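Undergrad: Have a look at this one before I ask anything.
The values are calculated or read from the model by the stated rules, or taken from the named source; none is laboratory data. Given the structure is predicted, the values throughout are model-derived calculations rather than measurements. With ideal geometry, Cβ positions are generated from the backbone for all residues, glycine too; neighbour counts draw on all protein chains shown.
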Amino acid sequence: MFVAQRIIYRMLRDPKRNTLIVRKVSETNRKSTFPLMKQIISQWKVSKLFKINESEMKITCQNGSEIVFSGSDDPEKIKSITFSSGSLTNVWVEEASELDEADVNQLDLRLRGQTKYPFQLTLSFNPILASHWLKSRFFDKQVDDCSILKTTYLDNNFIDDTYKKVLESYKETDPYYYMVYCLKLPGQLKQS
């Protein structure tokens, strides 16, 4: 939720700041990130400042900032994304563990051009597997110009006590789930 809130805040603050929100398959955006962004706009009572195009999955702020939602399943579509004004300044990859490293590299290459805003690539994900390329690329060595924010369910103000108990029960019933979803540690799958 924090990443989504930061995007809306920056859209409101910075004219012509443009964001591409990506998941592995475009349709998963329609069911997750797109409604989340609309929900934040509504909760913040700033709906009058935005135009939301449901069919194109595009959100435009009256100051010229835009969000476009896409899937990485067709790299050619991502290469041709253009905004009405300004450059692409931010890419948020939700559930980044679904993407291949080449997909993320391609997205990183989209952050270019002349803009007064710093470029930012944000990857959000649960750590899933210790063997995943995200761990070796970002966690096993120091990466320049990279910040890592590690949070757990204890940092999430949007979950209730019942949900916390469910998560904590995994300590006894499913150590893999407990490592990944409670401790935010890369899991190790059991060999069958």
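Undergrad: So which residues in region 100-128 are of a type in the set (Gly, Ala, Ser) and in a loop (DSSP other than H, G, I, E, B), if there are any at all?
TA: Across region 100-128, the qualifying residue is only GLY113.
Undergrad: Can you work out which of the residues in region 19-66 that are among the polar types (S, T, N, Q), modelled with pLDDT of 95 or more and touching a strand residue (DSSP E or B) at 6+ places or on another chain (Cβ under 6 Å) is nearest to SER124 (Cα to Cα)?
TA: Filtering first and then ranking leaves THR33.
Undergrad: Can you pull out the residues in region 24-83 that are among the small types (Gly, Ala, Ser), closer than 22 Å to LEU111 by Cβ and in a loop (DSSP other than H, G, I, E, B)?
TA: GLY64, SER65, SER72, SER80
Undergrad: Hey, among SER97, SER169, SER131, which residue is in a loop (DSSP other than H, G, I, E, B) and either surrounded by 13 or more Cβ atoms within 10 Å (Cβ to Cβ) or small (Gly, Ala, Ser) (or both)?
TA: The conditions single out SER131.
Undergrad: In the list PHE34, PHE50, which residue meets the criterion of being within 24 Å of ALA96 (Cβ to Cβ), out of contact with any Gly (no Cβ under 9 Å at 6 or more places or on another chain) and not small (Gly, Ala, Ser)?
TA: Exactly one residue qualifies, and that residue is PHE34.
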